[in-house]
Amino acid sequence: MGAFWFVELGLLTLFLQAFKPGSSEESKCIPGFNSEMYIFKVERNHLQSGRRLGKVVFDDCTSRTSFLFHSEDSRFKVDGDGTLKLKRGVTLHNGHKEFYVSTQSMGKKITVPVRVLHEARHYHHHHEMTTQPQPGSSLSLPVLSFPKSSGGLKRRKRDWVIPPVNFPENERGPFPQNMVQIRSSNDKEVKILYSITGNGADQPPVGLFTVDKNSGILYVTQPLDREKKDKYILLAHAVAVGAGKAEAPMEIIVKVIDQNDNKPVFTQNPFMGTVPEAAKPGDEFMQVTATDADEEGSANSDVRYTILSQEPPLPSPNMFVINSVTGGIRVNAPGLDREKILKYTLEIQAADMEGNGLTSFGKAIITVTDSNDNAPQFVTPSYTVSVPENKVDALVVKMPVTDGDEPHSSAWATTFKIVDGDPEGLFNVSTGPSKLEGIITTEKPLDFEKNNKYTLLVTVANEVPFAFPLPTSTATVIVNVEDVNEAPVFNPVAKIIRKPEDLPVDSDLVLYTATDPDTARNQKVTYKIKNDVAGWLSINKDTGLIKVKTDMDRESTFVQDNKYSVVVLGTDNDEIPATGTGTLIIELEDVNDNPPTIDERMIKVCNKESSPQLLSITDKDGAGFAAPYTVQLQGSSLSNWTARMNDSKTGIILTLKTMLDSGDYTVVLRVSDNQGLHQESTILASVCDCKGADVQCADKAVAGFGLSSILGILGAILLLLLLSLLLLMFLRKRGGEKKEPLLQEDDVRDNIYYYDEEGGGEDDQDFDLSVLHRGLDNRPDVFRNDIAPTMARPEYRPRPANPADIGNFIDDNLKAADNDPTAPPYDSLLVFDYEGGGSEAGSLSSLNSSSSGDDQDYDLLQQWGPRFKKLSDMYGGGED
């Protein structure tokens, strides 16, 4: 067949339902393709346009030989005789291409899968499934043969295409039911054992498929359900007894054939829809839908719709019709009237198998909605109103209307439009909040002097168009414009004039007037100047003539960018005067009225090899009356100094030419501008005893005092403060020379204060302190009421007369106090209120010690033995 060849491979259809046990009758003719799947092999991946691939064969149980075929892939074309051709070039990117070819027969769509394969990639050996008799069986069982090897039990490539095994769902058995036989080409040479693996075999659902290990017959053990799983992929294995693997695993695809076991189900029930009462026959307004779980695209899931009944059947029983394919419901007859019949209920049937199979039933509830069949009407056809001029957004009139359609619907809500009488767009009309009211307001200011009366024509409509032509209601509005007193208007609003700054006083500047727009009132305008911050101008109140009142100055701080601005007021003489404003801007022309000046007032120079000093010059006048400048030394400055202009003629170079003694000197310079206007300036020059540009002048006394004098004064002040402090300490020491014995007769605890609240310390002593006395010689019988005495009260030693015995006295009485249950806990941690700063109160300790170290004679401790010597050294050491 030349360089381009093709192979047509038609695989026989496996209708396993024809192999029922005990069935010997031939099935009746069923239209269809002569193969379950067509596979066409090609020798290369890229196929040219016009290439003929093969032929599909269709039989419709008649003598017809030509049919109208349709290819799912538009690149392929099928002629009437079944020849498959390429309409344009195709590249098999994955080595294959699958698509469907279909045709119509007896009102049904019949499809067949087509596969185009690249031979070099997918086929090394011819492999097909055949049907042949099996030993010991009265039926012909389809056989799947393992691909032939190149010899022996050598390993082969696994890139083989095995046709699927088709098996219908919902088979009734008996089970297990055989499906196909697996066979090895080596079964005559050695004994082969067969097995299968995969989903449905050794993987869930386990045991759905089994194989006879000796004969290779594949069984299904229970009914299949396509809606749960439509395909199973198994691996068949063949092992030679005593020789190991006989064949490479072969993939078997079990495809579950759909049966019409699911009836249509409506996606909702009931369906709700609305139709306008003005709808015309043929208007589609809603859709019902149903789904079918059977195989998509097959007759089993092809649903058709039918209206079974209409309730109520008025004004005719066929007011609606349904599209049997899409489920769209349309108006079929005129006569819908919402005011008579508000709702319709339709009983609808959905049936698969193009309307001849399983059925289900649902309802569609249709609500007839209001249509705009009533035009809104103005309550009052004409209005006459008055509106003041010059107001924007001023209310002109409110126009109520009525409408007979359903309240608060779009057919009831209104819109308004001004159709005549307002060519300039001075008015605006809008719908009020009630939706039944038109409100006219002013969009732009009205002008009484221009037009004092307007006649407006207003129409009203609804938010939605009328269902059919209806007369439109109109209203006439006559608007009378009221005259109001308007402020005078300056022309121009901002007037700019140009004048020299040295214009003489009482000179005329400009006539700046305003006109009164109220021409009919014949009012007089008077004038006044406002915001004349410099006070340079005056105005004639009757004529508006502005004059110079005081000298103007371009260099004034009131002038910005050579411009001086004032506000001019124009007021009419109405009962309620109105005032207009205008702005006068005077551009002041510069004159040479400011001599140049030197910025520096003081300089420092060395008296040896003095460096030149650069002095800057300032001239308030403009550039035309400033640089280039000239300079001349005046008086005695000529003999000691030289002065010249720098290259730009904007600065002075001043140089000391004579060696002077250190000190301060005055230098007088006359500086002139380019017009010869000059002024003498005096510079204070400090001449220092130094050399060159490193100017170092000795510090001078401040206010007549040298630095040493200032330091001496500060030292004297500090010395005086120190002497005052020492004197104060001495006086305090002398006041404390009157010592008291360490152990006083009077209990120092008389100075302890108890306050219920914050007190004033030592400044607040208006209390009876005797109640606080708790001495060893004057104890209460029972001080702690929370502890009852359980032993005899110990004896306390009296205070000895000999100071040498004071140590034993304290030790004995401490032991007695520790064993005394009635003794107050003077040595315990106690919390007291604040007693004030510098309190004179004594210690709280039960040792009855004094509180003030300055008031005690600690030298007495030396007489009490070595135990108290350290205490005497600590507290008797004076201020240290």
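The values are calculated or read from the model by the stated rules, or taken from the named source; none is laboratory data. Predicted model, so just to flag it, every value in this text is computed and none were measured. Don't worry about glycine lacking a Cβ; one is built from the backbone with ideal geometry, like all the others, and counts go over all protein chains shown. Ligands, DNA and RNA are excluded from the accessible area calculation, which covers all protein heavy atoms including side chains. Shrake-Rupley method; radii C 1.70, N 1.55, O 1.52, S 1.80 Å.
Structure data summary
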read-out: Filter result (within 15 Å of N34 (Cα to Cα) and in contact with a His (Cβ under 8 Å, 6 or more places away or on another chain)) within region 54-107; value: V101, S102, T103
read-out: Criterion violated by K608 - all others in (1) assigned by the TED database to the domain that holds D508; (2) open to solvent by 30 Å² or more (accessible area, probe 1.4 Å); (3) over 29 Å from Q679 (Cβ atoms) satisfied; value: (1)
read-out: Test: residue in region 479-494 that is charged (D, E, K, R) and surrounded by 19 or more Cβ atoms within 10 Å (Cβ to Cβ); value: yes
read-out: Tally, over region 441-457, of residues that are open to solvent by 70 Å² or more (accessible area, probe 1.4 Å) and touching a residue at least 40 places away in the same chain (Cβ under 8 Å); value: 3
read-out: Flag if T618 is over 30 Å from R554 (Cβ atoms) and in contact with a strand residue (DSSP E or B) (Cβ under 6 Å, 6 or more places away or on another chain); value: no
read-out: Qualifying residues in region 225-260 (those that are in contact with a Gly (Cβ under 7 Å, 6 or more places away or on another chain) and within 21 Å of L144 (Cβ to Cβ)) - the one most open to solvent (accessible area, probe 1.4 Å); value: I233
read-out: Residue list for region 516-543, filter: among the acidic types (D, E), under 59 Å from the mean Cα position of the chain (by Cα) and more than 16 Å from I576 (Cβ to Cβ); value: D532
read-out: Pairs where the first residue, in region 293-306, is under 12 Å from D258 (Cβ atoms) and outside any loop (DSSP other than H, G, I, E, B) and the second is at pLDDT below 95 and open to solvent by 60 Å² or more (accessible area, probe 1.4 Å), C-beta under 7 Å, 6+ apart; value: A299/K108; S301/E295
read-out: Qualifying residues in region 240-272 (those that are farther than 24 Å from P142 by Cα and among the small types (G, A, S)) - the one modelled with the lowest pLDDT; value: G244
read-out: Residue pairs meeting the criteria (Cβ under 8 Å; at least 6 apart or on separate chains; first more than 30 Å from P276 (Cβ to Cβ), in region 346-367; second assigned to a helix (DSSP H, G or I) and polar (S, T, N, Q)); value: D352/N300; D352/S301; M353/N300; G357/N300
read-out: Residue ranges of strands (runs of 3 or more DSSP E) in region 46-122 with at least 2 members open to solvent by less than 60 Å² (accessible area, probe 1.4 Å) and within 16 Å of G297 (Cβ to Cβ); value: 96-105, 108-118
read-out: Options S149, S140: the member that is within 20 Å of N214 (Cα to Cα), modelled with pLDDT of 50 or more and polar (S, T, N, Q); value: S140
read-out: Of all residues in region 302-328 being β-branched (V, I, T) and surrounded by fewer than 16 Cβ atoms within 10 Å (Cβ to Cβ), the one that is nearest to Q349 (Cα to Cα); value: T306
read-out: Boolean, V559 is touching a residue at least 60 places away in the same chain (Cβ under 8 Å) and either surrounded by fewer than 15 Cβ atoms within 10 Å (Cβ to Cβ) or closer than 29 Å to P628 by Cβ (or both); value: no
read-out: Tally, over region 422-444, of residues that are under 20 Å from V379 (Cα atoms) and among the hydrophobic types (A, V, I, L, M, F, W, C); value: 4
read-out: Subset of region 329-339 that is open to solvent by less than 30 Å² (accessible area, probe 1.4 Å) and assigned to a loop (DSSP other than H, G, I, E, B) - its residue that is nearest to E284 (Cα to Cα); value: A333
read-out: Residue that is out of contact with any helix residue (DSSP H, G or I) (no Cβ under 9 Å at 6 or more places or on another chain), of a type in the set (A, V, I, L, M, F, W, C) and either closer than 30 Å to V566 by Cβ or crowded, with 17+ Cβ neighbours inside 10 Å (or both), where the choices are V460, V464; value: V460
read-out: Hits in region 162-218 - residues which are among the charged types (D, E, K, R) and either more than 17 Å from S145 (Cα to Cα) or in contact with a helix residue (DSSP H, G or I) (Cβ under 6 Å, 6 or more places away or on another chain) (or both); value: E169, E171, R172, D202
read-out: Those residues of region 374-413 which are under 19 Å from A475 (Cα atoms), open to solvent by 20 Å² or more (accessible area, probe 1.4 Å) and under 43 Å from the mean Cα position of the chain (by Cα), in sequence order; value: L395, W412
read-out: Pick from region 663-693, criterion among the aliphatic types (A, V, I, L, M) and not in a strand (DSSP E or B), ranking: nearest to Q613 (Cα to Cα); value: A693
read-out: Condition broken by Y564, with the remaining ones in (1) closer than 21 Å to A487 by Cβ; (2) in a strand (DSSP E or B) satisfied; value: (1)
read-out: Residues of region 640-662 satisfying the condition of being surrounded by 12 or more Cβ atoms within 10 Å (Cβ to Cβ) and either assigned to a loop (DSSP other than H, G, I, E, B) or of a type in the set (V, I, T) (or both); value: T642, N646, K649, T650, I652, I653, T655, M659, L660, S662
read-out: Lone qualifier among S686, S637 - being without any contact (Cβ under 8 Å) to a residue 60 or more places away in the chain, surrounded by 14 or more Cβ atoms within 10 Å (Cβ to Cβ) and over 30 Å from D561 (Cβ atoms); value: S637
read-out: Flag for D483 being under 22 Å from D518 (Cα atoms) and of a type outside the set (K, R); value: yes
